[in-house]
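One structure is given below, encoded as structure tokens.
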Amino acid sequence: MTTSQFIIEAITVLGTAAFALAAVLAALDKKVDIFSVTVLGVITAVGGGTIRDCILDVTVFWSQDLSYIVIAISASLFGFFFFPLIQKKKINTLYLYIDTFAIAMFAIQGTDKAWEMGFGVPIAPIILGTITAVGGGVVRDTLLQRPSLLLTKELYAIPVALGCSIYSGFLLYAPELSQFGAILSAGLIVYLRHISIQKHVNVPDWAILQRKK
Amino acid sequence: MTTSQFIIEAITVLGTAAFALAAVLAALDKKVDIFSVTVLGVITAVGGGTIRDCILDVTVFWSQDLSYIVIAISASLFGFFFFPLIQKKKINTLYLYIDTFAIAMFAIQGTDKAWEMGFGVPIAPIILGTITAVGGGVVRDTLLQRPSLLLTKELYAIPVALGCSIYSGFLLYAPELSQFGAILSAGLIVYLRHISIQKHVNVPDWAILQRKK
Amino acid sequence: MTTSQFIIEAITVLGTAAFALAAVLAALDKKVDIFSVTVLGVITAVGGGTIRDCILDVTVFWSQDLSYIVIAISASLFGFFFFPLIQKKKINTLYLYIDTFAIAMFAIQGTDKAWEMGFGVPIAPIILGTITAVGGGVVRDTLLQRPSLLLTKELYAIPVALGCSIYSGFLLYAPELSQFGAILSAGLIVYLRHISIQKHVNVPDWAILQRKK
């Protein structure tokens, strides 16, 4: 295993776990049971990729590698019993950054998967990359009857869509630089999320739909 | 391009845009950002057809013709900046009629697509035609946490299902009259929506589920 | 038709109807119209299997046998006009047990279908069996904007998941006993639901996620 393979593997494992833990935090005020927490954890972790694969009309990724499911279930159960830990400031910050690296990587991977299939190039891969990264969380929030990220001002989906767009641009105009483009795009997603986490930067007011007074 | 091809093309373009604009109007009281408006616009415009194609197990239509996505994104952005325009009475009425022609045409096209594949003839095509026309709006409302058309008394989905049923009847009993049947069925959808828009005709009371007192 | 075929056929027909009737009861306080009741009935009855088949990437089951749809529509219409009947104590208890036999059978059938395709054995079939049995109800509740079974303390999905897990264990470790395993697993689901219905046993407190005081 090369270093870059190891890094990708590590982000995948930690990222899948972080996605599942996000479900525990999202469910905290809803008094759900341990089973529902696990279901929501699995949906958050693999839901986006599942929607992507259904739209791409290919075999769903986790049927070929059950480790995603096993990690998601384990992380959900861990989160159920130890969630006060995740809420501690330092650990929560660590958790937010793992989540950030995960959405960046899953977004680029999703874009890549659609692109290699020639699926609606160059626009559809951007949509599918974004769905891969944030789709599971949207389904989870809908099932929890809480406002999904589409209804909040947090900078979450926008960095993802921006990163996928830039990567898509590289694949279109400079395919020989695609590896560099992938790292740059993922880096941009991480950087924008970092600013949002550290400085609580939200979507600016002009970009919010509101009735004129 | 023949006249009828031109009409179909025009309804497709205008209808896709009208669907996306519907998302802007639906989101008006939710303070969503420009990105979410665009996502919801695209979901409204192509969501129904996407669910249909996933159920039919065929390649999703917009991956083969990105113009649907481009039109939906453009209309969403236009709607974001100029929504007070859409709310003006005359333009709103125009918008409602474009939407009406669009649901009529998408419903018939959806029924047709399923029928030609021999998918669950003669009942399943009615279901898939209806999903094509109204599925995107239902998903949008669910994501916006507002009551979807399934929970309102407006005559919207019923005309669509009725039109698809009649068209399905033509395909079954008089396939040689299918073109006439398509126009008649679409016309019926438009006519029922017209009555609903003009006279605010709702679903009658006997057809509403309610506990006996 | 052998006796066991007849039993399976009978549970399928009655179970599909029971699922559709569940939608009428779920919609009672929402003043939905007769069309929406029917849509929700069909979604409850065939929604779980539809999601399963989309994930499995196979032809949706009801396109090959429209009787599921016909039964679901008929039961929804029956429920719309005669719902006070279903609420009568004795008939409601009968209804609850038909629903119980139905979830047990659909869960085992769903597990089986995924297993025979070799889809993510041995864990994915458990997930797909559970989706088959309860997925339609979750979508219905989401569309009705009411808390789905993921948010209630009722013992409903847990018995299903447990039954699918045990059946999956039989298929893995003792495939020659699979028929016995199917009956045992379905029996366990029915038994746990029976306890829940009769004694109002809920999910125990330790298994509920709650903030420490």
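If you check A:Gly79, A:Gly120, which single one turns out to be in contact with a Leu (Cβ under 7 Å, 6 or more places away or on another chain) and more than 14 Å from chain B (Cβ to nearest Cβ)? Even if it seems obvious, please write down each step before you answer.
Numbers: A:Gly120 fails: more than 14 Å from chain B (Cβ to nearest Cβ).
Matching residue, one of A:Gly79, A:Gly120: A:Gly79.
Pairs linking a residue in segment A:194-213 that is on the phi > 0 side of the Ramachandran plot to a residue that is outside any helix (DSSP H, G or I) and at pLDDT below 90, with Cβ atoms under 6 Å and 6 or more positions apart or on different chains, do not occur.
Here A:Ile127 fulfils each of the conditions (1) within 14 Å of another protein chain (Cβ to nearest Cβ); (2) part of a helix (DSSP H, G or I); (3) over 15 Å from the mean Cα position of the chain (by Cα) apart from (3). When the residues of segment C:139-160 are narrowed to those that are touching a Gly at 6+ places or on another chain (Cβ under 8 Å) and not in a loop (DSSP other than H, G, I, E, B), which ends up farthest from C:Asp57 (Cα to Cα)? Going through the qualifying residues, I end up with C:Leu149. Filter segment A:1-55 down to the residues that are among the acidic types (Asp, Glu) and under 17 Å from A:Pro84 (Cα atoms), then identify the one that is surrounded by the fewest Cβ atoms within 10 Å (Cβ to Cβ). Result: A:Asp29. Condition first: of a type in the set (Asp, Glu) and surrounded by 19 or more Cβ atoms within 10 Å (Cβ to Cβ). Can you find one or more residues in segment C:134-145 that meet it? For segment C:134-145, residues of a type in the set (Asp, Glu) and surrounded by 19 or more Cβ atoms within 10 Å (Cβ to Cβ): present. Scanning segment A:154-176 for residues that are exposed (fewer than 15 other Cβ atoms within 10 Å of the Cβ) and within 21 Å of the chain's Cα centre (by Cα) yields a single hit, A:Gly169. Selection of first residues in segment A:141-154 that are more than 7 Å from chain B (Cβ to nearest Cβ) and of second residues that are polar (S, T, N, Q), restricted to Cβ pairs under 6 Å at least 6 apart or on distinct chains, gives the following pairs, ordered by first then second residue: A:Asp141/A:Ser148.
A:Ala72 passes every criterion in (1) farther than 22 Å from C:Thr130 by Cα; (2) touching a helix residue (DSSP H, G or I) at 6+ places or on another chain (Cβ under 7 Å) apart from (1). For segment A:95-114, the count of residues that are without any contact (Cβ under 8 Å) to a residue 60 or more places away in the chain, in a helix (DSSP H, G or I) and surrounded by fewer than 24 Cβ atoms within 10 Å (Cβ to Cβ) is at least one.
Within segment C:8-19, does at least one residue satisfy the condition of being touching a Ser or Thr at 6+ places or on another chain (Cβ under 8 Å), at the interface with another protein chain (Cβ under 7 Å from one of its Cβ atoms) and either polar (S, T, N, Q) or assigned to a helix (DSSP H, G or I) (or both)? Checked against the condition, which is being touching a Ser or Thr at 6+ places or on another chain (Cβ under 8 Å), at the interface with another protein chain (Cβ under 7 Å from one of its Cβ atoms) and either polar (S, T, N, Q) or assigned to a helix (DSSP H, G or I) (or both), segment C:8-19 yields no hits at all. Would you confirm whether any residue within segment C:107-116 is hydroxyl-bearing (Ser, Thr, Tyr) and more than 10 Å from chain B (Cβ to nearest Cβ)? The answer is yes; a qualifying residue exists.
Go through segment C:1-26 residue by residue and tally those that are free of Cβ contacts under 8 Å to residues at least 60 places away in the same chain and touching a Gly at 6+ places or on another chain (Cβ under 7 Å). Step through it out loud before you land on a result.
We begin by selecting, within segment C:1-26, every residue free of Cβ contacts under 8 Å to residues at least 60 places away in the same chain; these are C:1-7, C:9-10, C:13, C:20.
Among the residues that remain, those that are also touching a Gly at 6+ places or on another chain (Cβ under 7 Å) are: C:20.
Adding up the residues that qualify gives 1.
In this structure, is A:Val121 among the aliphatic types (A, V, I, L, M), part of a helix (DSSP H, G or I) and either in contact (Cβ under 8 Å) with a residue 12 or more places away in the chain or in contact with a Lys or Arg (Cβ under 7 Å, 6 or more places away or on another chain) (or both)?
Against the criterion (among the aliphatic types (A, V, I, L, M), part of a helix (DSSP H, G or I) and either in contact (Cβ under 8 Å) with a residue 12 or more places away in the chain or in contact with a Lys or Arg (Cβ under 7 Å, 6 or more places away or on another chain) (or both)), A:Val121 does not qualify.
Looking at segment B:179-190, is at least one residue among the aromatic types (Phe, Trp, Tyr) and in contact with a helix residue (DSSP H, G or I) (Cβ under 7 Å, 6 or more places away or on another chain)? No, the conditions are met nowhere in segment B:179-190. Looking only at residues in segment C:40-50 that are touching a Phe, Trp or Tyr at 6+ places or on another chain (Cβ under 8 Å) and among the β-branched types (Val, Ile, Thr), the one that is nearest to the other protein chains (Cβ to nearest Cβ) is C:Thr50. From the list A:Lys31, A:Lys89, the one residue that fits, being among the basic types (Lys, Arg) and in contact with a strand residue (DSSP E or B) (Cβ under 6 Å, 6 or more places away or on another chain), is A:Lys31.
Please determine, by comparing only the residues of segment B:186-204 that are assigned to a helix (DSSP H, G or I) and of a type in the set (S, T, N, Q), which one is nearest to the other protein chains (Cβ to nearest Cβ).
Initial filter on segment B:186-204 (assigned to a helix (DSSP H, G or I)): B:186-199.
Checking the rest, the ones that are also of a type in the set (S, T, N, Q) come to B:196, B:198.
Details: B:Ser196: 13, B:Gln198: 20 Å.
By that ranking, first place goes to B:Ser196.
Kindly check whether there is at least one residue in segment A:51-66 that is away from chain B (no Cβ under 14 Å), part of a helix (DSSP H, G or I) and not hydrophobic (A, V, I, L, M, F, W, C). Lay out the reasoning, then the answer.
Here is the first cut: in segment A:51-66, the residues away from chain B (no Cβ under 14 Å) are A:61-66.
Next cut, part of a helix (DSSP H, G or I) only: A:61-63.
Applying the additional criterion that residues be not hydrophobic (A, V, I, L, M, F, W, C) yields A:63.
For segment A:51-66, residues away from chain B (no Cβ under 14 Å), part of a helix (DSSP H, G or I) and not hydrophobic (A, V, I, L, M, F, W, C): present.
All of (1) over 29 Å from C:Val60 (Cα atoms); (2) over 12 Å from the mean Cα position of the chain (by Cα) hold for B:Val58 with one exception: (1). Screening B:Ala72 with (1) without any contact (Cβ under 8 Å) to a residue 24 or more places away in the chain; (2) buried (at least 16 other Cβ atoms within 10 Å of the Cβ) gives one miss only, at (1).
The values are calculated or read from the model by the stated rules, or taken from the named source; none is laboratory data. Given the structure is predicted, the values throughout are model-derived calculations rather than measurements. Here Cβ is always computed from backbone atoms with ideal geometry, including for glycine, and neighbour counts include all displayed protein chains.
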